[in-house]
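Trainee: Structure incoming, see below.
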Amino acid sequence: MKSLFVVLVALCCAHLPGAWAQTPAGEDTVLVRWRDLQLTVRDYEAALLGIPEEHRFSFQLNLGQITQLLNALLVNRSLAAESRKLGIDNDPVIRREMDLAAERVLAGRRMEAFEKSLKIPDLNAVAEERYRVKPEEFTVSEGVHASHVLVSAKERSDEEARGRAEEVRRKALAGADFAELAREFSDDPSAKNNKGDLGSFSRGRMVKPFEDAAFALEKPGDISPLVKSPFGYHVIKLHGKVPARKRPFDEVKAGLIEDLAKKYVTNEKNRYLEAITTDKSIVPNTAAIANLQKEMPKIPDDLLSTVGKKVAAPAPGK
């Protein structure tokens, strides 16, 4: 019962004349048959509800994922049928477990319906207030725009790597095109495409020695001394400083309102659920609940007395 087999049967047979009975409009279309079992479109649609809503559309574009889902459904249906034949479903605890599973599904659907029923209030004023009182959240720290040439010491000695990096620095100071130096000398794999240009970056993005050297440069065009990091030796060229700035409200407004809306929904759902669990009409049987807690099994005293002692080996023949 391989996944590829299931999907190929379902897809191929669907195109064979007479292989499947024509399904009248409005009835549930059979997708897969196996022995006396079958999976239908409604089974598939029900299973899709178990996938987060934001991922469902992309899921349905991937035949491999659909295949895996159909196979999981078929395996579950087969095992469930075997359980019924064995009478496992007649066990009262298991029947209650099945009831609880149904309740979990219904509870989840109820919360989805509750969330969709919520009307998000106008959050513009709240967003403006948060923007005003928490400016640090919307401040972009200073950065630098720089390029580098990396000379690795992994496949050469430290002395050879340093000498090669010094050669790069001499050529850069003499006015050689830094992008061409990166293409010719750099061991950074990305240099073939970006010619050593790292773009703009803020503090905390690079290893400390590299970061300190890059931020120590002052003017566009400045070339750093050799910088040694765990990756090897670097020669850095500064293209420009990026000053710290506060992002304008119009730039952050949409994201801020979206974040506030999500928090509003979460708070409303929590309030709704808390109203259930804190209802004063709830009467817990505290004694029975306390009895649910299992006690740690007691270790026999004679076993405790052997801890840390060497057990004598039995005599031969015993």
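Trainee: Out of 66, 176, 157, whose Cα points farthest toward the positive end of the dipole of the chain (charges: +1 Lys, Arg; -1 Asp, Glu; placed on Cβ)?
Mentor: Of the listed residues, the answer is 157.
Trainee: Less than 27 Å apart at the alpha-carbon level, and either on another chain or at least 8 residues along: which lysines does that give for residue 134?
Mentor: The qualifying lysines are 119, 241, 246, 253, 262, 263, 269.
Trainee: Along Cα→Cβ, 7 Å out, is where each label goes; now give me the distance between the ones at residue 129 and residue 116 in nm to one decimal.
Mentor: Reported label-point gap for residue 129 and residue 116 is 3.2 nm.
Trainee: Which value in deg cm²/dmol, rounded to the nearest 500, describes the helix-derived mean residue ellipticity at 222 nm for the chain, given -39,500 (n - 2.57) per DSSP H run of n ≥ 4 and division by the residue count?
Mentor: Numbers: 13 runs with 161 residues, N = 318.
-16000 deg cm²/dmol, from helical runs alone.
Trainee: What residues from the stretch 105-132 fall in the zone where the backbone N is under 18 Å from a label point 7 Å along the Cα-to-C-beta line of residue 59?
Mentor: The answer is 105-113.
Trainee: Using only Cα atoms, locate the centre of the stretch 59-103 and the centre of the stretch 118-184, then give the distance between them in Å, rounded to an integer.
Mentor: Computed from Cα coordinates, the inter-centre distance equals 52 Å.
Trainee: Could you tell me how many degrees, from 0 to 90 and to the nearest 10, lie between the Cα long axis of helix 92-117 and the main elongation axis, the longest principal axis, of the Cα atoms of the chain?
Mentor: 50 degrees
Trainee: Just tell me which lysines come within less than 18 Å, Cα to Cα, of residue 237; anything on the same chain fewer than 8 places away is out.
Mentor: Partners found: 171, 192, 195, 208, 219, 228.
Trainee: Just to confirm the filter: which trypsin sites (Lys or Arg not before Pro) across the stretch 60-145 are DSSP coil and have at most 15 other Cβ within 10 angstrom of their Cβ? Write down the numbers at each step before the final one.
Mentor: Values: sites: 77, 84, 85, 95, 96, 104, 109, 110, 116, 119, 130, 132; in loops: 119.
Hits after loop and neighbour filter: 119.
Trainee: Let me ask something else about it. Please order 233, 44 by the number of other Cβ within 10 Å, starting at the fewest.
Mentor: Numbers: 233 23, 44 17.
So the ranking, lowest neighbour count to highest, is 44, 233.
Trainee: A follow-up question, please. With a ≥ b ≥ c taken as the square roots of the eigenvalues of the C-alpha gyration tensor of the stretch 164-314, please select rounded if a/c is under 1.5 and otherwise prolate if a/b is larger than b/c or oblate if it is not? Before the final figure, lay out the partial values.
Mentor: Numbers: a/c = 5.12, a/b = 1.68, b/c = 3.05.
Oblate, since a/c reaches 1.5 and b/c is not below a/b.
Every read-out reported here was derived from the displayed coordinates using simple, explicitly stated rules and does not represent laboratory data. Fair warning: this is a prediction, and the values are worked out from it, not measured in the lab. All Cβ positions, glycine included, derive from the backbone under ideal geometry; neighbour counts span all protein chains shown.
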